[in-house]
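*Asks:* Take this structure first; my questions come after.
The values are calculated or read from the model by the stated rules, or taken from the named source; none is laboratory data. Source: prediction; values computed, not measured. Quick reminder, even Gly has a Cβ in these numbers, built from the backbone with ideal geometry, and neighbours come from all protein chains shown.
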Amino acid sequence: MLTFGDLKLKNGLIMAPMSGITNLPFRRIVKRMGAGLVTTEMISAMGLVLGKKKTQDYLLSTPDERPLAVQLFGSGPEVLAEAAEIAVEAGADLIDLNMGCPARKVVKTGAGGALLREPRKIKEIVTLVRKHCSVPLTIKIRSGWSPTLNTGEEAALVAADSGVDAVTVHPRFVSQGFSGHADWQVIARIKEQLKIPVIGNGDVFRPALAGKLKDQTGCDGVMIGRAAVGNPWIFRQILALEKGVVALPPSLDERRAIIREHFHLLTLLMGESRAAKKMRGLLLSYTKGLPNSRSFRGAFTGILNSESLVAALDRYFATLEIPLHAEKTEP
Ligand SMILES: Cc1cc2nc3c(=O)[nH]c(=O)nc-3n(C[C@H](O)[C@H](O)[C@H](O)COP(=O)(O)O)c2cc1C
């Protein structure tokens, strides 16, 4: 069983923090699909400290998704420490600090991946946040800033010494963005050196790769990001594989029901028109690889409310069902 401090998870599969994706509706679905822990999008520590309503809304949660990891980004130890207190007060079961984000607008403030240029600052941040944070504390890092500023291992060691309960490693350099591939050997090297749990992350695109990542690195848990978008049942499939059961994809009916539920939950959170806009992007992921998905994609622009979404969805799924029924009735 994976344990962070005194927080015991039901399994070692973690939904990655993903800006624009891991909002409350998505987290609730992924949790039901078997994730042991779900994580918020990265949340601005400064926004929380300044009491900005939009930032506070990222902390909205429901009991069914717990335990909940809240990820914070920022560069000042005091601001991060105060934000951690606010997040815990709002119900966070774990605080994760973002030390890997490559986005320019984050890095230029000294936050996210920029922290990997300054391991000493990581020590200051973790030491202070640890003092103010009454729940388990983790960090999420990359391999380093760049191949010539290869600081990931040092950052992990410094953070472990300063009191974090676990380290998640996405083994690309900040300078790489999402190009190239995740170098799992970096995870293995960090795992060898730390006594606390190490979570492996990066390029687990199919259920079978989760076990492979664990075998190759010895990591204690696996974090899944992109592969869960439009494909939240990947957690259920990985858990099935761990038990030696074939990891079947969901039926068409279940798939359609999940898409509808996702839209419904988004509508409750942000209103129908914003939810419809958001759902258009997600539908691309939900229908990726299905027959005729391209023609369905053409109909997305017409989706403005739940009525048009359900109608377009039903029309598309009807085209998928016909060949299956036809097959059954043929002699
Ligand atoms: C759209 C998108 C948003 C992301 N947002 C965050 C974020 O808010 N915080 C973070 O630490 N990582 C973020 N990431 C990185 C993921 O958490 C993860 O580390 C990365 O995608 C590698 O894992 P994967 O190969 O399983 O996707 C984001 C990635 C993507 C594609």
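*Asks:* Residues to consider are Glu89, Glu85; find the one that is away from the ligand (no atom under 13 Å from the Cβ), at pLDDT 95 or above and closer than 22 Å to Pro25 by Cα.
*Replies:* Working: Glu85 fails: closer than 22 Å to Pro25 by Cα.
The conditions single out Glu89.
*Asks:* Let me ask something else about it. So which pairs qualify, if the first residue must be in region 181-194 and modelled with pLDDT of 95 or more, the second must be more than 16 Å from the ligand (Cβ to nearest atom), the Cβ gap must be under 6 Å, and the two must be at least 6 apart or on different chains?
*Replies:* Ile190/Glu153; Lys191/Gly218; Leu194/Ala160
*Asks:* How about region 237-288: which of its residues are within 26 Å of Gly211 (Cα to Cα) and of a type in the set (Asp, Glu)?
*Replies:* Glu242, Glu254
*Asks:* Related question: Here is a list of conditions, (1) out of contact with any Cys (no Cβ under 9 Å at 6 or more places or on another chain); (2) over 23 Å from Val222 (Cα atoms), and Ala84 meets all of them except one; can you say which number that is?
*Replies:* Among (1) out of contact with any Cys (no Cβ under 9 Å at 6 or more places or on another chain); (2) over 23 Å from Val222 (Cα atoms), the lone unmet condition for Ala84 is (1).
*Asks:* Examine region 247-259 for a residue that is more than 11 Å from the ligand (Cβ to nearest atom), within 19 Å of the chain's Cα centre (by Cα) and assigned by TED's automatic domain parsing to the domain that holds Met279, and state whether such a residue exists. Break it down stepwise before answering.
*Replies:* First, the residues of region 247-259 that are more than 11 Å from the ligand (Cβ to nearest atom): 247-259.
Filter again for within 19 Å of the chain's Cα centre (by Cα), leaving 258-259.
Those still in the list that are assigned by TED's automatic domain parsing to the domain that holds Met279 too: 258-259.
Within region 247-259 (the criterion being more than 11 Å from the ligand (Cβ to nearest atom), within 19 Å of the chain's Cα centre (by Cα) and assigned by TED's automatic domain parsing to the domain that holds Met279), the answer is yes, since at least one residue qualifies.
*Asks:* Among Gly211, Gly230, Gly281, Gly289, which is in contact with a strand residue (DSSP E or B) (Cβ under 9 Å, 6 or more places away or on another chain) and either surrounded by fewer than 21 Cβ atoms within 10 Å (Cβ to Cβ) or assigned to a loop (DSSP other than H, G, I, E, B) (or both)?
*Replies:* On the way: Gly230 fails: in contact with a strand residue (DSSP E or B) (Cβ under 9 Å, 6 or more places away or on another chain); Gly281 fails: in contact with a strand residue (DSSP E or B) (Cβ under 9 Å, 6 or more places away or on another chain); Gly289 fails: in contact with a strand residue (DSSP E or B) (Cβ under 9 Å, 6 or more places away or on another chain).
After ruling out the rest, the residue left standing is Gly211.
*Asks:* Can you tell me which residue among Gly225, Gly230, Gly218 is over 17 Å from Leu9 (Cα atoms) and away from the ligand (no atom under 14 Å from the Cβ)?
*Replies:* Values: Gly225 fails: away from the ligand (no atom under 14 Å from the Cβ); Gly230 fails: away from the ligand (no atom under 14 Å from the Cβ).
After ruling out the rest, the residue left standing is Gly218.
*Asks:* Among the residues of region 233-265, which ones are crowded, with 21+ Cβ neighbours inside 10 Å and part of a loop (DSSP other than H, G, I, E, B)?
*Replies:* If the condition is that a residue be crowded, with 21+ Cβ neighbours inside 10 Å and part of a loop (DSSP other than H, G, I, E, B), then Trp233 is the only one that fits.
*Asks:* Ser61 passes all but one of (1) under 23 Å from Asp6 (Cβ atoms); (2) touching a helix residue (DSSP H, G or I) at 6+ places or on another chain (Cβ under 9 Å); (3) buried (at least 23 other Cβ atoms within 10 Å of the Cβ); which number fails?
*Replies:* It is condition (3) that Ser61 fails.
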